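**Student:** Structure provided below as structure tokens; questions to follow.
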Amino acid sequence: MQSSGAGARAFQNARLQKKLKKQADAIISTANTAYGQGRYAETEALCRQILNELPEHFGALHLLGLGAFASRHFEAAKQALKYAVTVDPRSAQAFSDLGATHFALGEYEEARTSLERAIALKPSFPMALANLGNTLLHLNRVEQAIESYDRAIGLKPDHADALCNRGLAELALRQLDRAKQSFERALLFQPRNVEALVGKGLVNIELKNFDEAKGALEAALAIRPGSAKILANRGRLNLEASSLEQAAADFDAALALAPKLEVALQGKAQVALAMGNTAQAILACTTLLEEYPRSAIAMALLSACFANQGEIASAIELLDAALAIVPDASLIGRKIFFLDYLSDADFAVQQAARKQ
């Protein structure tokens, strides 16, 4: 009798699970529709309805994470997706989505691990490969990032975002002609891709193709007129082209929109120095260092400000601080030049700088 009772309970549990699964299938279908239409609160409610009865329902966990991610609730998304990949450790898509969530939280090593797991499960996965490239770029593994973008583009030749980000990586390595080709290919597939237009503008600034750079940045601004970043980059263009008044106006416009934007503060300091306004340059450098204490560029610019005021010892001290972060030959050259104006810098000190 006892065995018969246990068997009956097992049978009843199996029937209940089957019934719950059938109900869950109907609910997850509705939840998917809600997610596709951007109704994320409804998506969450429906997923939680399923999870109350079936806590390890992979589809509900995965969709719950996607909805939270779309709502920019990244911590909640991470928790749901981490549970999802424990329930189904063979889901490449869930690992890819978890990687994207770690990336959004600035957890780049964790993002790399999740994305590499996704790619191991599904080697032909353009989205995961492109996202891995983005992650490696943030980890300053630029060559590896390019390899990942190349794999993504090989699988999906019209992957505009991967092409654009490969261009940024190539720009970081000063591979200017290759970067230009990457941005132009991205724009071939997506002519209104703002990031690719900005990238095209930046690489043409470096190549001194100022008319082409201006055309690209103006096109980007026409699509996104209130972008502080694009205004600041147009300021960089005007500064490089020695249009100082226009550059100053662009940097001021960018800082009015985003007072702590790094590229705009750098540009403000550079244009102020070029126009002989040392006090304004110092203010921009000070603000920049408050926000970015390890900015070697800010230290170098502030060093130039002190040198303008005849404070050579302070200028050299700032150059040394910058060199501790970024060993740069041009900064050492500037230090050697400044040492000629430092009365207590004897021959040995000057030779040490030259040896450096």
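**Student:** Residues that are surrounded by fewer than 21 Cβ atoms within 10 Å (Cβ to Cβ) and either over 24 Å from LEU66 (Cα atoms) or in contact with a strand residue (DSSP E or B) (Cβ under 6 Å, 6 or more places away or on another chain) (or both): does the stretch 117-140 have at least one?
**Tutor:** yes
**Student:** Find the residue count for the stretch 152-167, including only residues that are part of a helix (DSSP H, G or I) and over 10 Å from GLY133 (Cβ atoms).
**Tutor:** Of the residues in the stretch 152-167, 6 are part of a helix (DSSP H, G or I) and over 10 Å from GLY133 (Cβ atoms).
**Student:** Let me ask you something else. Determine if the stretch 140-147 includes at least one residue that is among the hydrophobic types (A, V, I, L, M, F, W, C) and within 23 Å of LEU188 (Cα to Cα).
**Tutor:** Of all residues in the stretch 140-147, those among the hydrophobic types (A, V, I, L, M, F, W, C) come to 142, 145-146.
When the remaining residues are screened for being within 23 Å of LEU188 (Cα to Cα), the result is 145-146.
Yes, the conditions are met somewhere in the stretch 140-147.
**Student:** Among the residues of the stretch 296-314, is there at least one that is acidic (Asp, Glu), out of contact with any Gly (no Cβ under 7 Å at 6 or more places or on another chain), assigned to a helix (DSSP H, G or I) and modelled with pLDDT of 75 or more?
**Tutor:** no
**Student:** Report, by residue number, each residue of the stretch 165-187 that is within 15 Å of LEU217 (Cα to Cα) and crowded, with 18+ Cβ neighbours inside 10 Å.
**Tutor:** Within the stretch 165-187, LYS180, PHE183, LEU187 qualify.
**Student:** Select from the stretch 321-342 the residues that are part of a helix (DSSP H, G or I) and modelled with pLDDT of 75 or more and write down the one among them that is surrounded by the most Cβ atoms within 10 Å (Cβ to Cβ).
**Tutor:** The residue in question is ALA322.
**Student:** Hey, another quick one. Can ARG174 be described as under 22 Å from ARG141 (Cα atoms), in a loop (DSSP other than H, G, I, E, B) and in contact with a helix residue (DSSP H, G or I) (Cβ under 9 Å, 6 or more places away or on another chain)?
**Tutor:** Criteria met by ARG174.
**Student:** Still on this structure: Need the failing condition index for ARG112 against (1) of a type in the set (D, E, K, R); (2) surrounded by 17 or more Cβ atoms within 10 Å (Cβ to Cβ); (3) modelled with pLDDT under 95, just the number.
**Tutor:** Tallying (1) of a type in the set (D, E, K, R); (2) surrounded by 17 or more Cβ atoms within 10 Å (Cβ to Cβ); (3) modelled with pLDDT under 95, ARG112 fails exactly one: (3).
**Student:** Those residues that are of a type in the set (A, V, I, L, M, F, W, C) and in contact (Cβ under 8 Å) with a residue 24 or more places away in the chain, I need them from the stretch 28-40; list them, please.
**Tutor:** We begin by selecting, within the stretch 28-40, every residue of a type in the set (A, V, I, L, M, F, W, C); these are 28, 31, 34.
Those that are of a type in the set (A, V, I, L, M, F, W, C) and in contact (Cβ under 8 Å) with a residue 24 or more places away in the chain: ILE28, ALA31.
**Student:** Moving on. Does GLY67 qualify as being buried (at least 24 other Cβ atoms within 10 Å of the Cβ) and within 20 Å of the chain's Cα centre (by Cα)?
**Tutor:** It is false that GLY67 is buried (at least 24 other Cβ atoms within 10 Å of the Cβ) and within 20 Å of the chain's Cα centre (by Cα).
**Student:** When you scan the stretch 270-278, do you find a residue that is in contact with a Lys or Arg (Cβ under 8 Å, 6 or more places away or on another chain), free of Cβ contacts under 8 Å to residues at least 40 places away in the same chain, in a helix (DSSP H, G or I) and not β-branched (Val, Ile, Thr), even just one?
**Tutor:** no
**Student:** Residues ASP88, ASP97: which one is within 29 Å of GLY59 (Cα to Cα), surrounded by fewer than 23 Cβ atoms within 10 Å (Cβ to Cβ) and not aliphatic (A, V, I, L, M)?
**Tutor:** Every option except ASP88 fails the conditions.
**Student:** How many residues does the stretch 203-245 hold that are under 14 Å from PHE183 (Cα atoms) and crowded, with 21+ Cβ neighbours inside 10 Å?
**Tutor:** So the answer is 7.
**Student:** In the stretch 37-64, how many are under 26 Å from the mean Cα position of the chain (by Cα) and in a helix (DSSP H, G or I)?
**Tutor:** Summing the residues that are under 26 Å from the mean Cα position of the chain (by Cα) and in a helix (DSSP H, G or I) in the stretch 37-64 gives 4.
**Student:** Which residues, counting only those in the stretch 70-82, are within 16 Å of ALA31 (Cα to Cα), surrounded by fewer than 17 Cβ atoms within 10 Å (Cβ to Cβ) and not polar (S, T, N, Q)?
**Tutor:** Residue satisfying the conditions is ALA70 alone.
**Student:** Let me ask something else. Could you list, in sequence order, all residues of the stretch 119-142 that are free of Cβ contacts under 8 Å to residues at least 12 places away in the same chain and over 15 Å from SER91 (Cα atoms)?
**Tutor:** ASN140, ARG141
**Student:** Any residue at all in the stretch 288-295 that is out of contact with any helix residue (DSSP H, G or I) (no Cβ under 8 Å at 6 or more places or on another chain) and part of a helix (DSSP H, G or I)?
**Tutor:** Kept after step one, since they are out of contact with any helix residue (DSSP H, G or I) (no Cβ under 8 Å at 6 or more places or on another chain), are these residues of the stretch 288-295: 290, 293.
Adding the requirement that they be part of a helix (DSSP H, G or I) leaves 290.
So far as the stretch 288-295 goes, yes, one or more of its residues are out of contact with any helix residue (DSSP H, G or I) (no Cβ under 8 Å at 6 or more places or on another chain) and part of a helix (DSSP H, G or I).
**Student:** If you take the residues of the stretch 188-199 that are in contact (Cβ under 8 Å) with a residue 24 or more places away in the chain, part of a helix (DSSP H, G or I) and not small (Gly, Ala, Ser), which of them is surrounded by the fewest Cβ atoms within 10 Å (Cβ to Cβ)? Step through it out loud before you land on a result.
**Tutor:** Initial filter on the stretch 188-199 (in contact (Cβ under 8 Å) with a residue 24 or more places away in the chain): 189-190, 192-199.
Right, trim to part of a helix (DSSP H, G or I) and you get 189, 194-199.
Remaining after also requiring not small (Gly, Ala, Ser): 189, 194-195, 197-198.
Details: PHE189: 15, VAL194: 18, GLU195: 19, LEU197: 27, VAL198: 24.
Once the filter is applied, the top-ranked residue is PHE189.
**Student:** Hey, LEU255 hits all of (1) farther than 21 Å from SER314 by Cα; (2) in contact with a Cys (Cβ under 9 Å, 6 or more places away or on another chain) but one; which does it fall short on?
**Tutor:** Just one mismatch for LEU255, condition (2).
The values are calculated or read from the model by the stated rules, or taken from the named source; none is laboratory data. Since the structure is predicted, the reported quantities are computational estimates derived from the model, not experimental observations. Cβ coordinates were reconstructed from backbone atoms using ideal geometry, including for glycine residues, and neighbour counts include every protein chain displayed.
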